[in-house]
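What follows is a short report on a single structure.
The values are calculated or read from the model by the stated rules, or taken from the named source; none is laboratory data. Keep in mind the model is a prediction, meaning the values are calculated, not measured. Ideal geometry is used to build each Cβ from the backbone, glycine not excepted, and the neighbour counts take in all protein chains shown. Surface accessibility is based on the protein's heavy atoms, side chains included, excluding ligands, DNA and RNA. Shrake-Rupley method; radii C 1.70, N 1.55, O 1.52, S 1.80 Å.
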Amino acid sequence: MSIAWQKAELSFGNKKILHQFSYTLPEKGVICFFGPSGCGKTTLLHTLNGLLKLQSGQILGLEQKKCAMVFQEDRLLPQLTAWQNIALVNEQETMLYLQKVGLAEFAQQKPTDFSGGMKRRLAIARAWAADSDLLLLDEPFTGLEESLASHIMAQIKLEVACKKPVILVTHDSQIAKKYSDFLVAVTGPPLQIAAQ
Amino acid sequence: MRTFIINHKWVKFLLPAFFYLAIWGWAANQVGQELLLPSPALVGARFMHLVGQSAFWHITLASLFRIMLGFFLGVLSGLGLAILTHCFLLCEVLLSPLIRAIRATPVVSFILLTLVWFSSAAVPVFIVWLMVMPIVWQNMVAGIAAVDRQLLEMAQVFRFGRGQIMRHIYVPAALPFFFSACITSLGLAWKSGIAAEVLAVPVLAIGGKLHDAKVYLETPDLFVWTAVVICLSLFLEKIIKLALRRFGKVAPL
């Protein structure tokens with residue numbers, strides 16, 4: 001069953017972020033929400049991952065669905081090694097996912113020793129490795145070389161997006177055009193679909 | 001070269017020790033009355049005499065036991081109350097004014113009051129507990145509040161268990177606060193514990209010996225027992241620092 005927002009309402013104080021927002025996600029593929037910073041894209045993702053609750057309206061098809069997410073910030077556990085950060089979400093295939101993002105040789109190093117790009121790759125590997133029905137990517141390629149980003153995204157499309165929805169949120173039109181299977185241009189707040 | 005010599009570990013320890021011993025010796029010589037200020041040599045001789053007696057070790061170990069018992073009870077209860085405070089807002093509302101009142105009250109008031117309530121041996125344990133618990137509670141409440149909210153959100157999204165959240169997010173965030181609380185409260189535990197022993201005068205107690213030294217005007221004994229307290233306090237601080245550092249290394253894994 002597809003996931004769908006129906007007349008979703010969400011405000012922070014007097015500021016309406018979602019107002020009568022409705023959209024049905026395709027069942028698989030990379031769905032890219034593209035729009036300016038601050039329009040409510042991250043808030044939309046947080047209604048899917050359970051961090052925010054709608055004030056009215058509903059999200060259909062989300063029951064029992066597990067999410068994995070690359071946050072705008074890396075949100076890695078600094079005292080653990082790269083290997084341990086991934087092992088927390090997938091103990092069996094830790095090294096496989098570190099290899100996929102080119103961090104296998106740094107498995108025993110801590111994120112505090114990593115560059116910004118390496119931290120980003122580790123955050124992507126963690127979300128990719130986690131057992132999930134929905135992969136949420138919030139500005140995942142910030143600080144990442146284009147060739148690496150392309151390589152990683154090509155693999156995600158091949159291995160993940162063919163089975164489940166991958167929701168990519170970005171303000172970068174190049175990234176949006178390059179990686180999306182379904183492009184949704186948004187404006188706001190309140191978040192509105194401008195074109196799809 | 002000069003900087004190297006000054007920075008050498010032993011020079012850093014021995015230089016101030018000899019410097020202050022020399023000042024002490026000079027001052028004792030100027031005063032010229034052992035009753036007012038005994039010389040380092042006399043105190044050293046008295047120390048060697050006392051160390052050779054089994055009673056010295058019994059007294060020292062009994063005081064050490066009382067103070068460390070109060071200290072560990074204070075650490076454990078402070079930790080437990082901080083966790084309760086994090087879970088239930090009512091705890092903070094109820095505990096906050098009480099802890100502030102305890103910290104503002106002179107320790108001697110508690111000692112005199114508890115002398116009426118407890119046996120003389122239990123007074124130092126209770127007083128140490130009373131001094132340590134609020135420091136640990138306050139530090140741990142601050143430590144738990146310092147937890148990174150973004151990491152908690154991440155843990156929620158990736159469905160971490162309670163144990164994982166505690167071990168990988170709360171413990172690393174609160175550990176530096178716990179270290180600092182233990183080190184700070186250990187010094188206070190010795191000061192308040194010995195003060196309680198001086199007033200309660202339990203059997204076998206360093207505080208009791210300080211009390212006797214005052215009553216019988218045995219100033220060299222006063223110096224010896226004070227030095228024993230200082231040495232024990234510094235030694236235990238070192239041991240606790242080592243233990244906490246070791247615990248700190250293994251805690252996040």
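Going by what's in this entry, would A:G38 be described as within 14 Å of another protein chain (Cβ to nearest Cβ) and surrounded by fewer than 18 Cβ atoms within 10 Å (Cβ to Cβ)?
no
Anything in segment A:1-48 that is farther than 14 Å from A:P190 by Cβ and acidic (D, E)? List them, or say none.
Across segment A:1-48, the qualifying residue is only A:E27.
Select from segment B:192-216 the residues that are without any contact (Cβ under 8 Å) to a residue 60 or more places away in the chain and touching a His at 6+ places or on another chain (Cβ under 7 Å) and list them in ascending order. Explain how you work it out, then say what you get.
At the first step, the residues of segment B:192-216 found to be without any contact (Cβ under 8 Å) to a residue 60 or more places away in the chain are B:198, B:210-216.
Answer for segment B:192-216, where residues must be without any contact (Cβ under 8 Å) to a residue 60 or more places away in the chain and touching a His at 6+ places or on another chain (Cβ under 7 Å): just B:V198.
Just the residues that are surrounded by 21 or more Cβ atoms within 10 Å (Cβ to Cβ) and touching a Cys at 6+ places or on another chain (Cβ under 7 Å), please, taken from segment A:152-179.
Once the filter is applied, which keeps residues that are surrounded by 21 or more Cβ atoms within 10 Å (Cβ to Cβ) and touching a Cys at 6+ places or on another chain (Cβ under 7 Å), segment A:152-179 yields A:L168, A:T170, A:Y179.
Give the residues of segment A:97-111 that are within 22 Å of the chain's Cα centre (by Cα) and open to solvent by 70 Å² or more (accessible area, probe 1.4 Å), sorted by residue number. Before you say what the answer is, go through the steps one by one.
In the first step, residues of segment A:97-111 are kept if they are within 22 Å of the chain's Cα centre (by Cα); the result is A:97-103, A:111.
If the condition is that a residue be within 22 Å of the chain's Cα centre (by Cα) and open to solvent by 70 Å² or more (accessible area, probe 1.4 Å), then A:Q99 is the only one that fits.
Inside segment B:132-152, can you point out the residues that are within 25 Å of A:L134 (Cα to Cα) and in contact with a Phe, Trp or Tyr (Cβ under 8 Å, 6 or more places away or on another chain)?
The one that is within 25 Å of A:L134 (Cα to Cα) and in contact with a Phe, Trp or Tyr (Cβ under 8 Å, 6 or more places away or on another chain): B:Q150.
Which residue pairs have Cβ atoms closer than 8 Å, lie 6 or more positions apart in sequence or on different chains, and pair a first residue in segment A:7-19 that is of a type in the set (S, T, N, Q) with a second residue that is open to solvent by 70 Å² or more (accessible area, probe 1.4 Å) and at pLDDT 90 or above?
Partner pairs satisfying both residue conditions: A:S11/A:Q55.
Can you find, within segment B:217-228, the residue that is surrounded by the most Cβ atoms within 10 Å (Cβ to Cβ) among those that are part of a helix (DSSP H, G or I) and touching a residue at least 60 places away in the same chain (Cβ under 8 Å)?
B:V224
Among (1) open to solvent by 90 Å² or more (accessible area, probe 1.4 Å); (2) assigned to a loop (DSSP other than H, G, I, E, B); (3) in contact (Cβ under 8 Å) with a residue 24 or more places away in the chain; (4) of a type outside the set (G, A, S), there is one condition B:H58 misses while meeting the rest; what is its number?
Failing condition for B:H58: (2).
Among the helices (runs of 4 or more DSSP H) lying completely within segment B:94-162, list those that include at least 1 residues that are within 23 Å of the chain's Cα centre (by Cα) and away from chain A (no Cβ under 14 Å).
On the way: elements: B:107-117, B:122-145, B:149-157.
So the answer is B:107-117, B:122-145.
Evaluate segment B:225-238: report whether one residue or more is touching a Pro at 6+ places or on another chain (Cβ under 9 Å) and closer than 30 Å to B:T105 by Cα.
For segment B:225-238, residues touching a Pro at 6+ places or on another chain (Cβ under 9 Å) and closer than 30 Å to B:T105 by Cα: absent.
Would you mind telling me which numbered condition in (1) within 26 Å of A:E63 (Cα to Cα); (2) under 20 Å from the mean Cα position of the chain (by Cα); (3) of a type outside the set (K, R) A:G143 fails?
So the condition that A:G143 fails would be (1).
Does B:M131 qualify as being touching a residue at least 60 places away in the same chain (Cβ under 8 Å) and surrounded by 15 or more Cβ atoms within 10 Å (Cβ to Cβ)?
Answer is yes for this residue.
What number of residues within segment A:48-85 are within 7 Å of chain B (Cβ to nearest Cβ), open to solvent by less than 20 Å² (accessible area, probe 1.4 Å) and free of Cβ contacts under 8 Å to residues at least 40 places away in the same chain?
Residues in segment A:48-85 being within 7 Å of chain B (Cβ to nearest Cβ), open to solvent by less than 20 Å² (accessible area, probe 1.4 Å) and free of Cβ contacts under 8 Å to residues at least 40 places away in the same chain: 2 in total.
Report yes if some residue within segment B:32-43 is under 18 Å from B:V228 (Cβ atoms), assigned to a helix (DSSP H, G or I) and open to solvent by less than 40 Å² (accessible area, probe 1.4 Å); otherwise report no.
Yes, some residue in segment B:32-43 is under 18 Å from B:V228 (Cβ atoms), assigned to a helix (DSSP H, G or I) and open to solvent by less than 40 Å² (accessible area, probe 1.4 Å).
Look at segment B:182-216 and say how many of its residues are open to solvent by less than 20 Å² (accessible area, probe 1.4 Å) and over 20 Å from B:L69 (Cα atoms).
Qualifying residue count, segment B:182-216: 1.
Mind checking which residues of segment A:1-24 are buried (at least 21 other Cβ atoms within 10 Å of the Cβ) and farther than 27 Å from B:L152 by Cα?
Within segment A:1-24, A:F21 is the sole residue that qualifies.
As an exercise: evaluate A:K100 against (1) over 21 Å from A:A194 (Cβ atoms); (2) in contact with a Gly (Cβ under 7 Å, 6 or more places away or on another chain); (3) not β-branched (V, I, T) and give the number of the one condition it does not meet.
(2)
Out of segment A:121-141, which residues are more than 16 Å from B:F160 (Cα to Cα), open to solvent by less than 10 Å² (accessible area, probe 1.4 Å) and assigned to a helix (DSSP H, G or I)?
Hits for segment A:121-141 are A:L122, A:I124, A:A125.
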